[in-house]
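In what follows, a structure is listed as structure tokens, so that the remarks can point back to it.
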Amino acid sequence: MKNSRLYLFIIAMLVFLNLSCLYFLWKSGTIGNGRDSKFRIENYLTQELKFDHAQQEKFAEFRTDHREKVKSIKDKNRKFHEQYFDQLKTEKIDSQALQLALDSITSLQRQIEVVTFDHFYQLRAICTDSQKIKYDEIIQDALRMFAPGGPPRDRK
């Protein structure tokens, strides 16, 4: 009888600890949003480059500006994607409209690449000389690590 009470108490404690861990992970944002917030690219770069407070504020400004620009471009891009795939609903495809939508999508994607390049170029500009050396070493890996879908995997 004593052993069963002891086992019951141990099981209850383990369940309580598991639920507590899940609650704190959810509350901290580690679960539920797809990525742990400590692994965001801005945190990674800030830590690796050891930005001071002024640099962190400038980086936050750059990040906000970048996100607004990309969001605006993606909103336009969504409209052209709709026009492009609306052609699937027609009996006869309008190749001119199809090409126009495709050219617009390509142009907008190109704009996103330019805006992103400019963002990281601005970021490098606020680095000290020693930070620039570190930046040059880590930027390609950081971009790959934090690209949508995560880092590329080796295929064999």
Check on Ala125, of a type in the set (A, V, I, L, M) and either modelled with pLDDT under 90 or over 20 Å from Lys50 (Cβ atoms) (or both): no
Region 1-57, subset open to solvent by 100 Å² or more (accessible area, probe 1.4 Å) and hydroxyl-bearing (Ser, Thr, Tyr), residue modelled with the highest pLDDT: Tyr7
Number of the exception - Phe80 against (1) over 29 Å from Arg40 (Cβ atoms); (2) open to solvent by less than 50 Å² (accessible area, probe 1.4 Å); (3) hydrophobic (A, V, I, L, M, F, W, C): (2)
Close pairs (6 angstrom Cβ cut-off, 6 or more residues apart or separate chains): closer than 26 Å to Glu68 by Cβ in region 119-137, among the hydroxyl-bearing types (Ser, Thr, Tyr) anywhere: Arg124/Tyr135; Cys127/Tyr135
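Yes/no per residue for (1) open to solvent by less than 100 Å² (accessible area, probe 1.4 Å); (2) of a type in the set (Phe, Trp, Tyr):
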{"position": "Phe62", "(1), (2)": "yes, yes"}
{"position": "Arg67", "(1), (2)": "no, no"}
{"position": "Lys71", "(1), (2)": "no, no"}
{"position": "Phe85", "(1), (2)": "no, yes"}
{"position": "Gln96", "(1), (2)": "no, no"}
{"position": "Ala101", "(1), (2)": "yes, no"}
{"position": "Asp118", "(1), (2)": "yes, no"}
{"position": "Lys132", "(1), (2)": "yes, no"}
{"position": "Ala142", "(1), (2)": "yes, no"}
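The values are calculated or read from the model by the stated rules, or taken from the named source; none is laboratory data. Quantities reported herein were computed from a predicted structural model and do not represent experimental measurements. Reconstructed Cβ throughout: ideal geometry from the backbone, glycine too, with neighbour counts over all protein chains shown. For accessibility, only protein heavy atoms count, side chains too; no ligands or nucleic acids. Shrake-Rupley method; radii C 1.70, N 1.55, O 1.52, S 1.80 Å.
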